Amino acid sequence: MLSDRERQKLAQIEQDLIDDRRLADALSDHALRHRSRWLPAAVAGFGIVVLVLGLFCADGPLVLQGMAVAGVGFGWRWWRARRASARSPGRASGPSPARPAGHPPL
């Protein structure tokens, strides 16, 4: 059982943790996604290296493996970019508003 003083101290610690923006930013989902942004690019780069190595060695299966790994890496980056753009709050959903007569298109 906690004493009143210990309960007050625990409540103060909890409030300090809630108010700590640096900690909240470090634990946020955005920060975790930002840290793992390099992984799809690394996979694509590794695939390109394997592809070029297969071309220099004239090894058909190695070229195909490099193409497959590079394709996975680029596909992964494309998928993440589409998912991020779909989640962005400023994205308009629906057709653009009609322009008044006499105004040129952008």
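Here, each number is a calculation from the coordinates, and none is a lab measurement. Keep in mind that what you see is a predicted model, and the values were worked out from it rather than measured. Methodologically, a virtual Cβ is constructed for each residue, glycine included, from the backbone with ideal geometry; neighbour enumeration extends over all protein chains shown.
Overview of results
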{"item": "J(HN,Hα) series, the stretch 50-60, from Karplus relation 6.51 cos²θ - 1.76 cosθ + 1.60, nearest Hz, glycine and proline x", "result": "5, 4, 5, 4, x, 5, 5, 8, 6, 10, x"}
{"item": "Cβ-based exposure ranking for 18, 48, in which fewest neighbours within 10 Å come first", "result": "18, 48"}
{"item": "Potential lengthening between residue 82 and residue 38 on full extension [0.36 nm per residue; Cα-Cα distance subtracted]", "result": "14.2 nm"}
